[in-house]
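The values are calculated or read from the model by the stated rules, or taken from the named source; none is laboratory data. Worth saying up front: this structure is predicted, and the values here are computed from it rather than measured. Glycine gets a Cβ as well: all are built from the backbone with ideal geometry, and neighbour counts include every protein chain shown. We work out accessible area using only protein heavy atoms, side chains counted, and drop any ligands, DNA or RNA first. Shrake-Rupley method; radii C 1.70, N 1.55, O 1.52, S 1.80 Å.
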4 protein chains.
Amino acid sequence: MIRVAVVGAAGYIGGELLRLLIGHPEVEVVGAVSSRFPGKRVDGVHPNLRAATDLLFCSAEEVTECDAVFLALPHRVAMGQVEEWSQRAKLVIDLTGDFRLNDTAVFERYYGEQHQAPHLLDEFVPGLPELHREALRGADMVSVPGCMAAAGVLALYPLIARDLIDVQAGAQFDARTGSSGSGATAGPANLHAERSGAMRVFAPTGHRHEAEITRHLGLPAAMTATGVEAVRGVQTICHATLRPGVDKQTVRRAFREQYADEPFVRVVAHQRGIFRYPDPKILLGSNYCDVGYALDEDAGRLTTIAALDNLVKGGAGNALQCLNIRMGWPETLGLTFPGLHPL
Amino acid sequence: MIRVAVVGAAGYIGGELLRLLIGHPEVEVVGAVSSRFPGKRVDGVHPNLRAATDLLFCSAEEVTECDAVFLALPHRVAMGQVEEWSQRAKLVIDLTGDFRLNDTAVFERYYGEQHQAPHLLDEFVPGLPELHREALRGADMVSVPGCMAAAGVLALYPLIARDLIDVQAGAQFDARTGSSGSGATAGPANLHAERSGAMRVFAPTGHRHEAEITRHLGLPAAMTATGVEAVRGVQTICHATLRPGVDKQTVRRAFREQYADEPFVRVVAHQRGIFRYPDPKILLGSNYCDVGYALDEDAGRLTTIAALDNLVKGGAGNALQCLNIRMGWPETLGLTFPGLHPL
Amino acid sequence: MIRVAVVGAAGYIGGELLRLLIGHPEVEVVGAVSSRFPGKRVDGVHPNLRAATDLLFCSAEEVTECDAVFLALPHRVAMGQVEEWSQRAKLVIDLTGDFRLNDTAVFERYYGEQHQAPHLLDEFVPGLPELHREALRGADMVSVPGCMAAAGVLALYPLIARDLIDVQAGAQFDARTGSSGSGATAGPANLHAERSGAMRVFAPTGHRHEAEITRHLGLPAAMTATGVEAVRGVQTICHATLRPGVDKQTVRRAFREQYADEPFVRVVAHQRGIFRYPDPKILLGSNYCDVGYALDEDAGRLTTIAALDNLVKGGAGNALQCLNIRMGWPETLGLTFPGLHPL
Amino acid sequence: MIRVAVVGAAGYIGGELLRLLIGHPEVEVVGAVSSRFPGKRVDGVHPNLRAATDLLFCSAEEVTECDAVFLALPHRVAMGQVEEWSQRAKLVIDLTGDFRLNDTAVFERYYGEQHQAPHLLDEFVPGLPELHREALRGADMVSVPGCMAAAGVLALYPLIARDLIDVQAGAQFDARTGSSGSGATAGPANLHAERSGAMRVFAPTGHRHEAEITRHLGLPAAMTATGVEAVRGVQTICHATLRPGVDKQTVRRAFREQYADEPFVRVVAHQRGIFRYPDPKILLGSNYCDVGYALDEDAGRLTTIAALDNLVKGGAGNALQCLNIRMGWPETLGLTFPGLHPL
């Protein structure tokens, strides 16, 4: 049993962390920090946890030493608190955007401000087990990637790793996301009547997550992001150029080999069926990232598709997977919910 | 051409009023009053009106004399402004709850505060053409009923008018509504992620609209109101007790007779078909209220069903229908959009 | 480890049974019977089970002896097969409507045909642990109740059991349901474009589930059923008359006492909060039935609200809970998923 | 008054044609041809037309001579019937894919079969007023473009027309569509429970509409098409490469100039606001195609966004606009519905 705290526990990522951690056999939640609701019941904000917990939110000051802390704070807040938390917890797992980029110039371009803890950028291991599992085993600081970035990276990585992509040609990413990605703070833009049924291009160019993809894949990434009708769920389409001569067989093999032993990545690229390509609809609540692909062999164009639940594999679940790796526990511990169909 | 102003023009009812009035051949909109957005473009808030109008929102002070003013204000604000507006406009059409009840004690019970203009309660003619058409022809003050009340009244009135209902037994109303009914002001409760897919009983007993129904039908009404997944649309189910001996034939005839010449009420009670009972899904944007019924003859129980678009027949469209009547214009002028299927 | 088979495994209830049984530590699924897809992969139809199982559908003939069989067949099919299945399996758990009523006359009225196995009606124990737990411990045949009936019964039972309801006055049930309740067979009525956003009154009076409620509660029940926009989820509102003098305190106590030790019923009736009454939105995938209530004390009227996931507590999950009881296992085994928020 | 017939009148496009034509002041509908429902009421299939029409469906044989006929048939059916219809009607407006491409080889590649009327391919004028208005004034045969193609073409055409795009680099189109695009025929794929909330990549590469775009814009187009949660609405994103030196100013001017006088194309590319880029949500029922753009000037990348209602500007409305042009009527006649907000 280890002792963990969640900071920003009243948000949507915070709620998912609590759901997963409360159900985890090796973890005791010793703090659910919320600056807005200290002293209030956790299940007042996260009603799915009724009967599962009697926990109250607490203030940051009330958290004493613990083994691990998860930072589910707004972007740009974590970098001001991380040193303090790292003194109280052996392991810090950050779910914000603050430590996802390791180049301050890139950070400033995408986040519009100076980094407050540049000396820590290299301390953080990217929380992407499929690319950084070994480093995660010894990590003391982990930075969980953005939901659309994680999807984008996982669906192109097998080909990048085998040098099958014309990297110089870059790649175009089209990401679609549900409304929970913009968090639990109410505003005109996420009012139900405004957001419902929308196809809202909120970032036609230059979404932040493209910088993460560029970092991880080493190719110029361009991302367009659209909010579609869903609460949870992210789908990232990627268009890239194959190196001459790369055929479908080779692509298929790359995916199969890469993910054969991955517990949370499934290759979904079937000839037929309603769900023959990755669709977040069947992944909600689960920690899977499904990845698929299609080729236009004449043109040498590759299209990949990735889907995940932005709050689970795109956030809280992925963070817990990192914790499991770090602690040497079975990687799927507490993460076996398979998703629902239909939903 | 008459000159009209809309007060509260940045809200959802205000937006529908503008859409309908801009498309009306006998009306010129001379003021779109918004306390939040004076000087801003109307189509910045109501994007469906792009290319339809270059109107700017204005302050209340900027509205000079006009022929008619529509008050689309928050509940409890209209009653403080109505005297002032009635000095500037010959006709005041109020869409708030402030003048829907004509008994101050009932008002206080349901709205939780004293009425600020009790002397005007009897001046207001209920804006329900199907019950008050004659009075509306000479009205200077009109109070448009609540959306769920209008639906509830219209689906029971034919039987009440013919004394076919056991009035003493009262009636139970179950109303379901989309999210636009709670207005354009953002808050935690109408955040997309919270409201999407909900079946939210926001008034298990004692919804305000039951008081309106009681007033119009003269029977004790009890209403339960639930928010369901929709932006627009209201459906009100009513359960009442038939007088002994009233059979299906009689009920059918009552509905047919009552609404034979009504331009905006359709009787929908078919033996088969997907849309054999009223469903707001096919009414969005239209001024129709569809009404239907079913009987359990053995038990003497009657179930009626009514559906409408809360922003149109449940608000702005109904208000315009009242204006058309008051001005002696064809009642359907500017209100002929039939609704979409599928949608 | 016991050996179980699911008959009708390609339907939506069948899929949920497989999801739950595959994740259950004491169960081995030895047959997933589908007349349409024998030999095909289970995860081709239930894509959420990819990576969870390599099971193939089989024909009924391929199922040899087993410990328990779940019948997730269309209504009216189970009664023709039950004797045969009961010879192959010690325990038969039926999820159809065929054995929910114990009076053939009532069955005929509601199902429109003669019962094919009337001699078995009394053999079946109702699969409602909250009312029949003791009988279930020794049952060889279990009939799982209808989803809307289960919700309706659970929200009124505490008061019926304490004789707080005027039973002669009857009760009105207003049920709302998602589209998965009508099964996986495609037709015009459940085409996405037709069903999406609907408020479809498919049973204004006389829904079958009212007969089940009448059986279990012993009061005349009338049910109206409406399809609303949702895939999963049922909510049943009930209006009943309190016996004179019954106050809110008494009602609250009845609910608290009745369900204090129930693992899957939560009393949800709060003063404030977005989810202060039962809403299926936060229950999807979980085995909870949330129940709540509100009173109009002046009028002596009680309104109760119940919500559940029709495929889980309204079907597969409830069936598994019955199995757990029958086998003497912990009642929550394999049923601990708490539901997601937001979703 | 001209006499028109709609063939395939029971489909979704057929229904929209009827809605628009019934409301059109210069048109009389003399035939609503349906092979499935001859003799049945039109409003039994299109319930939004209740009270608007008493029309019955008829068989093809019952349609005598008329001035114009609209073919809203399944793809590949129109090409077998067009000669016959052209003998009965002076003007044929085809809404299928059969005459959208003017190259039989390309047709065969995309539609998988031989063309049955290749000699007519050049007779058809593309029904895209914004590109072919003059030709439409004298056309006897019109082929209305695909919904996603129309959107894609309109959002890139201003730049193509001014030679601002690197045509050789091609363009990537990412299209999202509601479920009504797949028609009114029920099947497992468009079952509500399966389709609801989906992000379904049904054409990762090689969607048919890319061939239309290539034809109209003269650049190699690649299209990915995804079904998202919506009944109506299409959004097409396009990624293209600007010629060196083309800046935002130039792009803005191209759009403004191109569409300054177009009645149904609005340029939507604002600095702020919830609807600052084209979103079909506010276009449903309207004949608008909104187009917008964003640049990554450093990379020379252009992203355009187009949105429309697939059944209106992507089908029936566009067809009626073509008829208005052909007849010399005001182009907006019968097409002035502005769309709803919120919806």
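For A:T332 and D:T185, what does the FRET efficiency come to when R0 = 41 Å and r is the distance between their Cβ atoms, rounded to the nearest 0.05?
E between A:T332 and D:T185, to the nearest 0.05, is 0.45.
Using a/c under 1.5 as the rounded threshold, could you call the stretch D:134-250 rounded, prolate or oblate? The axes a ≥ b ≥ c are square roots of the C-alpha gyration tensor eigenvalues, and prolate needs a/b larger than b/c, oblate otherwise.
Oblate.
Suppose every K and R has +1 on its Cβ and every D and E has -1 on its Cβ; what is the size of the dipole of the stretch A:7-150 about the Cα centre, in Debye to the nearest 20?
It works out to roughly 520 debye.
Please check the stretch A:157-173 for residues whose accessible area, probe 1.4 Å, is lower by 30 Å² or more when all protein chains are in place than in their chain alone.
At a threshold of 30 Å² (probe 1.4 Å), the residues of the stretch A:157-173 that become less exposed are A:Q172.
Have a look at the stretch A:184-218 and report residues whose accessible surface goes down by 50 Å² or more when the remaining protein chains are included, against the chain on its own, probe 1.4 Å, ligands and DNA/RNA excluded.
The answer is A:A186, A:L191, A:H192, A:A193, A:E194, A:M199, A:V201, A:P204, A:T205 - residues whose exposure falls by at least 50 Å² when every protein chain is included.
What does the copy distance list look like for B:E84, label position 7 Å along Cα→Cβ, in nm and ordered from shortest?
4.7, 7.0, 8.0
If I model a spin label as a point 7 Å beyond the Cα along the Cα-Cβ vector, how far apart are those points for B:S35 and B:D261 in nm?
For B:S35 paired with B:D261, the spin-label model returns 4.4 nm.
Shape of the protein assembly as shown from its Cα gyration tensor (a ≥ b ≥ c, root eigenvalues): rounded if a/c is under 1.5, otherwise prolate when a/b > b/c, or oblate?
Rounded is the answer for the protein assembly as shown, as its axis ratio a/c remains below 1.5.
To the nearest 0.05, how large is the calculated FRET efficiency for B:R133 and D:L56 if R₀ is 56 Å and r is the Cβ-Cβ distance?
Between B:R133 and D:L56 the formula returns 0.95.
I'd like the orientation of helix C:12-22 relative to chain C: the angle between its Cα long axis and the longest Cα principal axis, in ° from 0 to 90, rounded to 10.
In chain C, helix C:12-22 runs at an angle near 70 degrees to the longest axis.
Say a label goes 7 Å from Cα toward Cβ at A:E108 in every copy; what distances in nm does this one have to the rest, shortest first?
Between copies, matching label points for A:E108 lie 6.1, 6.6, 8.7 nm apart.
Separation of the stretch C:49-71 and the stretch D:32-54 by C-alpha centroid, Å?
Each part's Cα centre sits 46 Å from the other's.
Would you work out which of C:H341, C:Y293, C:H270 lies farthest towards the positive end of the dipole of the stretch C:265-343? Charges go on Cβ: Lys and Arg +1, Asp and Glu -1.
Comparing the listed Cα positions along the dipole, C:H341 ranks first.
Could you provide, to the nearest whole Å², the per residue accessible area of chain D with probe 1.4 Å?
Counting only protein heavy atoms, the per-residue value for chain D is 33 Å².
For peptide C:265-278, how many partner chain Cβ atoms fall within 10 Å of a residue's Cβ, on average?
Taking the mean over all residues of the peptide, I get 4.
Over all residues in B:35-48, what is the mean tally of Cβ atoms on other chains that come within 10 Å of each residue's Cβ?
Across B:35-48, the average partner-chain Cβ count within 10 Å equals 4.
How far is helix B:147-161 tilted, in degrees, relative to the longest principal axis of the Cα atoms in chain B, given as a value from 0 to 90 rounded to the nearest 10?
In chain B, helix B:147-161 runs at an angle near 40 degrees to the longest axis.
How big is the B-C contact in terms of buried accessible area, both chains counted, 1.4 Å probe, rounded to the nearest 100 Å²?
That pair hides around 3500 Å² of surface in total.
I'd like to know how chain A sits against the 2.2 N^0.38 Å rule of thumb: what's its Cα Rg over that expected value?
0.96
Could you look at the protein assembly as shown and say what percent of its accessible area is carbon and sulfur, using a 1.4 Å probe and all protein chains?
46 percent
Hey, which lysines would be in cross-link range of C:K90, C-alpha to C-alpha under 30 Å, not counting anything within fewer than 8 residues on its own chain?
C:K40, C:K313
Would you work out the charge dipole size for the stretch C:147-308 about its Cα centre, treating the Cβ of every Lys and Arg as +1 and the Cβ of every Asp and Glu as -1, and quote it to the nearest 20 debye?
Computed charge dipole of the stretch C:147-308: roughly 260 debye.
Between the alpha-carbon centers of the stretch C:233-261 and the stretch C:77-116, tell me the distance in whole angstrom.
Each part reduced to its Cα centre gives a spacing of 32 Å.
Residue farthest toward the positive end of the dipole of chain C, with Cβ of Lys/Arg at +1 and Asp/Glu at -1: which of C:C322, C:L164, C:A186?
It is C:A186, whose Cα lies furthest towards the positive end.
Per residue of chain D, what 222 nm ellipticity follows from adding -39500 (n - 2.57) for every DSSP H run with n ≥ 4, rounded to the nearest 500?
That comes out to -8000 deg cm²/dmol.
Per residue in the stretch C:324-343, which ones lose no less than 50 Å² of accessible surface when going from chain alone to all protein chains (1.4 Å probe)?
Those are C:F337, C:P338, C:L340, C:H341, C:P342, C:L343, which lose 50 Å² or more relative to the chain on its own.
Taking a point 7 Å out from Cα toward Cβ as the label site, list the nm distances between D:G218 and the same residue in every other copy, smallest first.
With the label placed 7 Å along Cα→Cβ, D:G218 yields 4.2, 7.7, 8.6 nm.
What order do you get for D:177-183, B:269-275, C:159-165 when each peptide is scored by the mean count of other beta carbon atoms within 10 Å, highest first?
D:177-183, C:159-165, B:269-275
Sketch the reach of a paramagnetic label on D:R272 as a point 7 Å from Cα along Cα-to-Cβ, and name the residues of the stretch D:290-317 whose backbone nitrogen lies under 20 Å away.
D:293-295
Between C:E113 and B:E113, how many nm apart are label points set 7 Å from Cα along the C-beta direction?
6.2 nm
What ranking do A:325-332, B:213-220 get when scored by the average of other Cβ atoms within 10 Å per residue, highest first?
Final packing ranking: B:213-220, A:325-332.
What FRET efficiency comes out for A:E28 versus B:A299 if R0 is 56 angstrom and r is the Cβ-Cβ distance? Round to the nearest 0.05.
The computed FRET efficiency comes out at 0.50.
Based on Cβ point charges of +1 for Lys and Arg and -1 for Asp and Glu, what charge dipole magnitude is obtained for the stretch D:99-161 about its Cα centre, in debye rounded to the nearest 20?
200 debye
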